[in-house]
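Everything below concerns the one structure shown next.
The values are calculated or read from the model by the stated rules, or taken from the named source; none is laboratory data. This structure is a prediction, so every number in the text was calculated from the model and none was measured. Ideal geometry is used to build each Cβ from the backbone, glycine not excepted, and the neighbour counts take in all protein chains shown. We work out accessible area using only protein heavy atoms, side chains counted, and drop any ligands, DNA or RNA first. Shrake-Rupley method; radii C 1.70, N 1.55, O 1.52, S 1.80 Å.
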Amino acid sequence: MPAEPRMLKTIPLFIGMDDDELAAIANIMDEQHFRPGQIIFKAEQLGGTLYIIQAGQVELSIIDDDGEKLVLEVLESGDFFGELSLLDGGTRSATAASVQRTSTLVLNRHEFLDLMLQKPHMAQDVMVALAKRVRRTDNLLRRRVSRDPNEVID
């Protein structure tokens, strides 16, 4: 069990879980290491894995309509990525690449779903965490959309 259950408590997706649930998740996680500049996954690639950064940095990016790389975020120790495909099994929404030597904890979708079947309360914890994230995004968009376009131009 490379994951420390106490550390998982800081991950927003798991924050409402009890010690037993966190230990169960930690038990199904593996470690994966990446060298500087290594592509972890590409946008539109089929996913199904959540990564938690133990050490290092990971850049999330997309290619915009003009074919230019747009860096969305640079993640560091304690940050996580890949949660959308972990939950829905869909494709990746961005490309992830290690900026420097990076160590991650990895959670596989199938093992996670099996665990939630064994511990159904975990699904409720995940839904609450996702609802908070959607609400935060909704509030951010509401503030951006409500701005006067003339103010933006000025």
**Mean-position separation - Cα centroids, region 98-114 and region 16-72, in angstrom** = 6
**Asked** Considering the dipole of region 79-139 built from charges on the beta carbon (Lys and Arg +1, Asp and Glu -1) around the Cα centre, which of Gly90, Gln124, Gln100 is farthest to its positive end?
**Response** Gln100
**Request:** Could you do me a favour and compute the accessible area per residue for region 35-154, 1.4 Å probe, result in Å²?
**Result:** 65
**Message:** List the GluC sites (Glu not before Pro) within region 1-78 that DSSP assigns to loop and that have no more than 15 neighbouring Cβ atoms inside 10 Å.
**Reply:** Glu44, Glu68, Glu76
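Based on the Kirkwood radius over alpha-carbon pairs, what is the Stokes-Einstein translational diffusion coefficient of region 20-154 at 37 °C with 0.692 mPa s viscosity, in µm²/s?
The estimated diffusion coefficient comes to 197 µm²/s.
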**For region 1-131, with +1 on Lys and Arg beta carbons and -1 on Asp and Glu, the positive-most of Ile40, Leu60, Thr10 along the dipole** = Ile40
**Prompt:** Once you wrap a convex hull around the alpha carbon atoms of region 65-142, what is its projected area averaged over all directions, in nm²?
**Reply:** 7.2
**Prompt:** Ignoring the sites themselves, what is the longest stretch of the chain with no trypsin sites (Lys or Arg not before Pro) in a DSSP loop and at most 14 other beta-carbon atoms within 10 Å?
**Reply:** 43-100
**Message:** Using only the heavy atoms of the protein chains and a 1.4 Å probe, how would Asp18, Asp79, Asp125 rank by accessible area, largest first?
**Reply:** Asp18, Asp79, Asp125
**Item:** From the C-alpha gyration tensor of region 3-73, square roots of 5λ in Å
**Value:** 29, 14, 11
